[in-house]
Amino acid sequence: MATTEAPAAPSTSPPRLRIPSAALCGVLALLAALGAGHLVAGFISINASPYLAVGNGAIDLTPIELKDFAVRTFGTYDKVVLLGGMAAVMVAAAAVAGVLSLRSPRPGVVIVALFGLLGGFAVYQRPDLTAVALLAPAASLVVGVAVFLLLHRIAPRKNAPAERSGGASRRSFLLGGAGALVGAGVLGGAGQLVSGARDATASRAAIGALVPAKSAPAIPADADFAKLGTPTFLTPNPKFYRVDTALSVPQPRAEDWSLRIHGMVEREVRYRYADIRNRPLVERTITMTCVSNEVGGDYVSTSDFIGVDLADLLAEAGVRPGAEQLFCTSVDGWTSGTPVAAALDRDRGAMLAIGMNREPLPLEHGFPARLVTPGLYGYVSATKWVVDIEVTTWKARQAYWLKRGWGEQAPVKTESRIDTPKGFDTVPAGAVRLAGVAWSQHNGIADVEIKVDGSPWQRTTLSAEVNVNTWRMWWTQIAVKPGTHQVFVRATDKTGYTQTDARAGTVPDGATGWHSTTFIAT
Ligand SMILES: Nc1nc2c(c(=O)[nH]1)N[C@H]1C(S)=C(S)[C@@H](COP(=O)(O)O)O[C@H]1N2
Ligand SMILES: [Mo]
């Protein structure tokens, strides 16, 4: 085995890198490249960072089943998992690039350059970035190739003449490598700091509290049974569910934001933030729901939204006959298609919202402005970071989720949920309290019934109704013997419809079925 390393070899084969140092060259060059790209992106838009841009591109290319699986399995952490997975793939590829370059640096340079081009392509594809943003992947490319060449040159070699293989070479390689690692961290961190200083947070902080000209009616004390185990009626902003395709939260500043309404209208109109802020603001209490909410799920929350009537803005533009959908685009290029009829229905009260619970919209909920349409699932009605509304037909345009297999029309389905007890809770036998929530936005909830272990349905006590566009809480008390018990819940809305027990999945237009909970009485 050991005989091939004989002294005769040096004359025939050129000096080669050892596999670990070659792999290290690749990985460190990658980190330096990402750090440099992140720094340059900090000055332009953090979304120009090649790493984030590639991740966002990957999200848009992910098949719907996988996306659904990711959201179900990892919940809000789906994006963290994606970023982590991407990092692992990139590090592995960079290590391979290094190992392919044991003799000549050329293969590694080609692979590092391909990486840079991929980042450039991902940035180029983003609708919210201009050509300047390409400077970030360009910086990555240059720094990546340069660091790779440098480290490759100083790496210690096998079969090398004495002066290239000794301790001095190893030491300079370690120094160079450590320098690249620290440099990558410093560059990346600086990018994060720079972007933080000029991002939307400061813009939002400068706006202050939002006071509507017309406040929503005060929420009565008996609108929830939070003490009995339901959610609070209004969801605190940090607890409001969040669903979107954005890997990093888009950061438009209020000062830079505007909304354009065009297409099948009498006259194109454009509103800047101050135009909206200075109008008499209305406030409405609305429960929003995501179509991806499983039976029993918690993608449902309630807020006092502050903004203006969408119907007013549309009236100023003058919607032309024949218009069917509002094709709404966010600053990051996501789109939704809202039925024009729903948007114009003053009774429904669709809004261009700029605030939640008297605060400017939190960044992750669409700062500076978003749409909210009571009674329709969010993906057809609630574009966050909205910048463009094209009034058009269903045929002319297809929105993001419609193209991916979800329905065109998406009214929220009547639903109910048991919040107390939780599944497999253990409770003392005897009197057991049950509590939860039901919703049927735009219709209102008329009744909530529960059924325990095959006994007949029995009615529950409902909370005070705030308005038909909000959820309603329920509670009741039952007597149970020791043992395992199963309880079902079903709601009836004010149109007289009672929830079906037929189970349907979330695709294409929302889940159905009765929520049930099993608990143990001892
Ligand atoms: N720009 C943008 N807006 C969006 C989405 C998105 O992915 N991007 N998702 C929609 C979906 S599916 C829902 S359910 C609601 C959720 O709003 P929230 O995150 O404020 O709860 O936002 C909608 N608006
Ligand atoms: Mo959604």
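The values are calculated or read from the model by the stated rules, or taken from the named source; none is laboratory data. Every value quoted in this text rests on a predicted model; they were computed, and no experiment measured them. Note that we place each Cβ from the backbone using ideal geometry, even for glycine, and neighbour counts take in every protein chain shown. Only protein heavy atoms, including side chains, enter the accessible area calculation; ligands, DNA and RNA are left aside. Shrake-Rupley method; radii C 1.70, N 1.55, O 1.52, S 1.80 Å.
Taking amide H as placed 1.01 Å from N in the peptide plane, Met356 has its amide H under 5 Å from the amide H of Ile306, Leu361, each at least 5 places away in sequence or on another chain. To the nearest 20 debye, what is the magnitude of the charge dipole of the chain about its Cα centre, counting +1 on the Cβ of each Lys and Arg and -1 on the Cβ of each Asp and Glu? That gives the chain a dipole magnitude of about 1800 debye. Angle of helix 135-154 to the longest C-alpha principal axis of the chain, folded into 0 to 90 degrees and rounded to 10: 40°. State the Cα centre-to-centre distance between segment 308-359 and segment 166-236 in whole Å. Centre-to-centre (Cα) distance: 29 Å. Heavy-atom accessible area with a 1.4 Å probe sorts Tyr497, Tyr124, Tyr273, largest first, into Tyr124, Tyr497, Tyr273.
One Cα centroid belongs to segment 373-401, the other to segment 118-151; the line between them spans 32 Å.
Ordering of 85-96, 401-412, 210-221 by packing is 401-412, 85-96, 210-221, highest average first (other Cβ atoms within 10 Å, averaged per residue).
Of the residues Thr289, Phe115, Thr484, the one whose Cα sits farthest towards the positive end of the charge dipole of the chain is Phe115 (charges of +1 on Lys and Arg Cβ, -1 on Asp and Glu Cβ, taken about the Cα centre). Length gained on full extension, Val132 to Arg103, computed as 0.36 nm times the residue gap minus the Cα-Cα distance: 6.7 nm.
Largest accessible area first, the residues Phe424, Phe305 order themselves as Phe424, Phe305 under a 1.4 Å probe with ligands, DNA and RNA left out.
The spacing between segment 480-522 and segment 250-304, judged by their C-alpha centroids, is 32 Å. Take Lys79: with every protein chain present and a 1.4 Å probe, its accessible area is about 30 Å². Checking the Cα-Cα distances for Lys422/Lys451; Lys227/Lys422; Lys239/Lys494 against a 19 Å cut-off, the pairs over it are Lys239/Lys494.
Sort Thr476, Thr522 by heavy-atom solvent-accessible area, probe 1.4 angstrom, most to least. Spell out each step's value before the answer.
Values: Thr476 20, Thr522 100 Å².
Largest accessible area first, the residues go Thr522, Thr476.
Here the accessible area of the chain is 61 percent carbon and sulfur, with a 1.4 angstrom probe and all protein chains present. Put simply, when 316-322, 282-288 are sorted by average Cβ atoms within 10 angstrom per residue, most first, you get 282-288, 316-322.
Of the two radii for the chain, the radius of gyration is 1.10 times the Kirkwood radius, both from the alpha carbons; that is the Rg over Rh value. For the peptides 429-438, 235-244, the ranking by mean Cβ contacts within 10 Å, running from highest to lowest, is 429-438, 235-244.
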